[in-house]
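This report concerns only the one structure given below.
Each value in this text was obtained by applying a stated rule to the coordinates, not by laboratory testing. Model, not experiment: these values are computed from the prediction. Neighbour counts are summed over all protein chains in view; Cβ atoms, including those assigned to glycine, are modelled from backbone coordinates with ideal geometry.
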Amino acid sequence: MSSQASHRLQVLSNHLKAGESLQVACSAISEFRYTLPNSILTQNQREFYERNGFLVVKGLVKPENIDIYREHFRRVCNGEVHLPFLTVMKDVAIAKSEFVSGEKAITKIQDFQHYEPLFNYCALPEILKYVECFCGPDIMAIHTMLINKPPDPGTKTSRHPMHQDLNYFPFRPADRIVCAWTAMEKVHRANGCLVVLPGTHTETLKQHEYPEWENGVNKFYYGVKDYDPNQPRLHLEMEKGDTVFFHPLLIHGSGANKTHGIRKAISCHYANTGSSVIAEDQLLGSQDRKEIGAIVEKRLGKDTQISIVDTWKMRARVVQGKEADF
Ligand SMILES: O=C(O)CCC(=O)C(=O)O
């Protein structure tokens, strides 16, 4: 890593540790591209996001709300609620080697946009007021996840490869999409906090593929092809309730959980309801499209006319402002 890059990372890292408003040790930005003007973000916060592609807001979600999401996640994992469109994903190594009940093999649940107790997170006013700074006033939730990272069984399969979320989404423009990711307990290097490559949101969408990991990779955990592990990266250590907002081109991932506890986070991606959608053949690589297409067929029937892009439109749920245009 160059000494300039490592100095910049040190500056970023110190500000995160200080837990104060995140300052930027660079000259002012004259044109904003990734944030919109309103009274929520300070000038420093706007500049920080413009340069780095993410912004941590400390203590944004109340602990009592998080405890409710935790309880509903437990109910879902134990089969106490039936949600037809929910996607439940399991760790490739844990699921193969032993039978474990409840949440111990589950890596994430997705698509809880119609399960109100969890969707409550996506509509929290304290989250939406920040989302508006990136997406504008007309907002739809496009992707919901509760990410559960059980203790790694020694296979390192609990890692999440470095990737750009835009790879999965058909919505454009990318700059009006943002992810809100909230720590459901203290997250740190040992339990696999988020890792980001600051500034990569200014780059283009890269090709993705499954990384070649010795013990396998969880389904749909595509990583940036030819990822260079020597790039400057930052570990986002966060407390329960802290929330990071990040751009869909920001390269990020997370490490293995080397502790005995389960690390949890809840997240929602949002886009402006005026977004357009790209054509099916521009979404993902052709191999990945086949893999996801097969899941769509399995769920909806062999002769389904529903494309992957359609499934994204079906998931989208407006949380504020005008209805979607598509
Ligand atoms: O929470 C994590 O460990 C990373 C999740 C993530 O990046 C994703 O699901 O796209």
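Of the residues Val88, Leu300, Ser286, the one whose Cα sits farthest toward the positive end of the charge dipole of region 55-320, with +1 on the Cβ of Lys and Arg and -1 on the Cβ of Asp and Glu, is Val88.
Counting only C-alpha contacts under 8 Å and six or more residues apart, can you give the relative contact order of the chain as a whole percent? Reported relative contact order: 25 percent.
Dipole orientation for region 165-274: of the candidates Thr200, Met238, Gly223, Met238 has the Cα lying most toward the positive pole (charges on Cβ; Lys, Arg +1; Asp, Glu -1). Electrostatic bookkeeping for Arg176 treats Lys and Arg as +1 and Asp and Glu as -1; over the other residues with beta carbon under 15 Å from its beta carbon, the sum is -3. Each Lys and Arg contributes +1 and each Asp and Glu -1, all at the Cβ; summed about the Cα centre of the chain, the dipole is approximately 560 debye. Normalised by 2.2 N^0.38 Å, where N is the number of residues, the C-alpha radius of gyration of region 196-324 stands at 1.24.
Among the GluC sites (Glu not before Pro) within region 158-223, those in coil by DSSP and having at most 12 neighbouring Cβ atoms inside 10 Å are Glu212, Glu214.
For the chain, set up a Gaussian network in which alpha carbons nearer than 10 Å are linked by springs, and say which option among Asn257, Asn215, Asn230 fluctuates the most. Of Asn257, Asn215, Asn230, the most mobile in the Gaussian network model is Asn230.
The average projected area of the chain, computed from the convex hull of its Cα atoms over all directions, is 16.5 nm². For the chain, the mean residue ellipticity at 222 nm estimated from helices alone is -8000 deg cm²/dmol, where every DSSP H run of n ≥ 4 contributes -39500 (n - 2.57) and the total is divided by all residues, rounded to the nearest 500.
With neighbours defined as other Cβ atoms within 10 Å of a residue's Cβ, the residues Met140, Met162, Met314, Met145 order from fewest to most as Met314, Met145, Met162, Met140. On full extension, the segment bounded by Ile306 and Gln43 gains 90.3 nm, given 0.36 nm per residue less the C-alpha separation.
Peptide packing for 272-281, 80-89 was compared via the average number of neighbouring C-beta atoms within 10 Å per residue; ordered from the highest value, the list is 272-281, 80-89.
With a cut-off of 17 Å on the backbone N, the residues of region 245-261 near the modelled label site 7 Å out from Glu214 along Cα-Cβ are 256-258. Here the spin labels are modelled as points 7 Å beyond Cα on the Cα-Cβ line, and at Glu126 and Gln287 they lie 4.3 nm apart. A simple spin-label model places pseudo-atoms 7 Å from Cα toward Cβ; at Lys225 and Leu205 they are separated by 1.4 nm. For Ser254, the residues whose amide H sits under 5 Å from its own are His160, Val195, ignoring neighbours fewer than 5 places away on the same chain, with H placed 1.01 Å from N.
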